[in-house]
Amino acid sequence: MKRFMSCILGTVILCAVANLPAHADQLLPGQVDFGGFSPPKGGGQFVEVNVPTALINLASQIVAKDEPEVAKVLDGLKLVKVNVIGLDDENRPEMAKRAQKIREDLTGEGWTRVVVVQEKEQDVSVYLKMDDKGAVQGVTAVVIDGKDDAVFANVVGNIKPEQLAMIGEKFNIKPLERLKIHEGQHEHQHQDNADADDKPKEKSSQ
Amino acid sequence: MTTIQRAYHPLAASCAAPSASCPVEAPTIEKAPGVVSPWVYVRWVCLITLFLMLCLPAVAVVGVASYFYLSSSTTVLRDAVMDSVPGRWHKQFGINVGEMTIDLARFGVSFTHLNPDAKEALKCLDHGDVAIYEFEDAKLSPDYALVLKTADKSMQRRGFERIVGVVEGKDFVAVYAPRDQHGKDITCCVAVLSDRNLVVVSARGNTGPMLEFAEKQLHTKELTSSHQHWWR
């Protein structure tokens with residue numbers, strides 16, 4: 001009996017130990033780990049929104065009757081994560097470096113850059129992750145908006161880049177609302193991108 | 001003759017046998033097989049009544065005291081924020097309203113002419129607690145990065161994850177929800193640090209009435225906006 005109890009106890013502890021790091025490190029397909037962000041010390045803006053599946057489902061049910069098309073888009077989502085960090089002299093170079101690293105990582109992990117906008121001090125990149133069958137797994141946007149703020153957004157699920165603004169509108173996430181990508185623009189950029197072998201291009205748009 | 005059931009008789013213990021103090025022998029009761037003596041029931045009823053009489057005041061005291069004690073999640077969040085902001089805090093207000101109180105409030109409110117929206121909103125809530133604290137020291141200059149980090153760590157240990165974190169100027173807001181939120185109930189814990197005040201709130205609601213309420217609000221909004229359009 002004693003041996004049986006210790007066996008059970010051992011199994012439970014092993015399962016718990018084995019499960020902990022797996023749970024912490026497991027990312028959904030299409031999910032990006034931007035790492036942790038800290039509020040700027042100068043008192044600038046810092047916004048972090050992380051909408052889990054349960055809340056997305058709730059939002060979907062709320063709009064299901066009046067806006068079935070929006071509900072359909074929301075049903076395909078698993079996670080919405082947005083980080084907005086106000087830029088000051090102290091963190092601006094660090095954020096620019098970080099944005100660059102995230103872009104490189106995304107390219108290395110098989111994400112396709114579908115939108116690139118680099119004009120004046122604005123630098124917008126939108127990436128798309130698709131599975132083998134061509135279904136969208138996630139969209140990621142990395143934005144350095146002039147001298148004001150840096151935005152890192154990741155929407156996991158079946159979504160088109162031009163629907164990002166709508167997601168921002170529905171969840172009242174202002175930085176996503178600003179990302180208005182038009183369908184034509186997306187396709188055009190997608191083509192450019194395929195031709196240019198993923199090389200960043202200067203493009204004035206919006 | 002069947003066994004004599006002395007134990008069930010009130011005189012059985014003291015007068016088991018005739019003696020100088022109790023010359024009368026306890027009457028013997030014959031018990032039919034399978035029949036429980038009514039004294040058993042009497043004894044149990046007395047015991048239960050006594051137990052209830054002793055417990056009711058204790059339950060009442062615990063019940064009243066529970067209004068002033070925050071739920072464990074709220075306490076953890078409050079402690080995390082306070083630990084990362086050195087200084088003295090003074091509690092200004094705190095209340096914890098459980099399901100029973102909310103049910104009673106719903107029942108009471110159903111007889112009043114309260115705004116229907118308020119009644120509907122009350123239906124959404126299952127449990128809620130809120131506390132307000134004031135920073136007593138002269139200057140409050142928290143390191144928000146540390147506040148977020150400490151609160152995240154403490155809440156993660158309880159299975160919560162941060163769904164919103166906002167820092168803007170002197171205002172700080174953090175909203176936490178259980179990592180695995182399933183079923184009909186939805187829970188969240190909120191900490192707001194603004195100026196010299198800290199507000200911690202925890203609430204659990206039912207998504208069913210919440211959806212109904214949200215739908216109604218959406219329709220009302222739409223009707224109002226279409227009405228405004230018509231006027232314009």
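The values are calculated or read from the model by the stated rules, or taken from the named source; none is laboratory data. All values reported here derive from a predicted model rather than from experimental measurement. Because the Cβ atoms are built from the backbone with ideal geometry, glycine has one as well, and the counts that use them run over all protein chains shown.
Got a number for residues in region A:56-87 being within 13 Å of chain B (Cβ to nearest Cβ), outside any helix (DSSP H, G or I) and touching a residue at least 12 places away in the same chain (Cβ under 8 Å)? Break it down into steps so the answer makes sense when it comes.
Of all residues in region A:56-87, those within 13 Å of chain B (Cβ to nearest Cβ) come to A:56-67, A:70-71, A:79-86.
When the remaining residues are screened for being outside any helix (DSSP H, G or I), the result is A:64-67, A:79-86.
Then keep just the ones that are touching a residue at least 12 places away in the same chain (Cβ under 8 Å); that gives A:79-86.
Qualifying residue count for the region: 8.
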Can you name the residue in region B:198-213 that is under 17 Å from A:Val63 (Cα atoms) and hydrophobic (A, V, I, L, M, F, W, C) and is also nearest to the other protein chains (Cβ to nearest Cβ) among such residues? B:Leu211
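For region A:120-162, which strands (runs of 3 or more DSSP E) that fit wholly inside it have 1 or more residues that are of a type in the set (Lys, Arg) and without any contact (Cβ under 8 Å) to a residue 12 or more places away in the chain? Full working, then the answer.
On the way: elements: A:122-130, A:136-145, A:149-157.
Ranges flagged: none.
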Within region B:64-74, can you find the residues that are over 9 Å from the mean Cα position of the chain (by Cα) and among the small types (Gly, Ala, Ser)? B:Ala65, B:Ser72, B:Ser73
Does B:Ser141 satisfy the condition of being more than 14 Å from chain A (Cβ to nearest Cβ) and over 19 Å from the mean Cα position of the chain (by Cα)? no
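Against the definition (modelled with pLDDT of 85 or more, of a type in the set (Asp, Glu) and not in a strand (DSSP E or B)), how does A:Asp105 come out, yes or no?
Yes.
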Please determine, by comparing only the residues of region A:110-152 that are of a type in the set (D, E, K, R) and within 14 Å of the chain's Cα centre (by Cα), which one is surrounded by the most Cβ atoms within 10 Å (Cβ to Cβ). A:Arg113
Looking only at strands (runs of 3 or more DSSP E) that lie completely in region B:152-198, which have at least 3 residues being closer than 20 Å to A:Gly44 by Cα and in contact with a Phe, Trp or Tyr (Cβ under 8 Å, 6 or more places away or on another chain)? B:160-168, B:185-194
Being within 11 Å of chain B (Cβ to nearest Cβ), of a type in the set (S, T, N, Q) and touching a residue at least 40 places away in the same chain (Cβ under 8 Å) is the filter here; which residues of region A:23-55 pass it? A:Gln45
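Considering only region A:97-109, I want to know if a residue exists there that is within 11 Å of chain B (Cβ to nearest Cβ), out of contact with any Pro (no Cβ under 6 Å at 6 or more places or on another chain) and surrounded by 20 or more Cβ atoms within 10 Å (Cβ to Cβ). If you could, list the steps in order and put the result at the bottom.
If we filter region A:97-109 for residues that are within 11 Å of chain B (Cβ to nearest Cβ), which is where we start, we get none.
Checking region A:97-109: not a single residue is within 11 Å of chain B (Cβ to nearest Cβ), out of contact with any Pro (no Cβ under 6 Å at 6 or more places or on another chain) and surrounded by 20 or more Cβ atoms within 10 Å (Cβ to Cβ).
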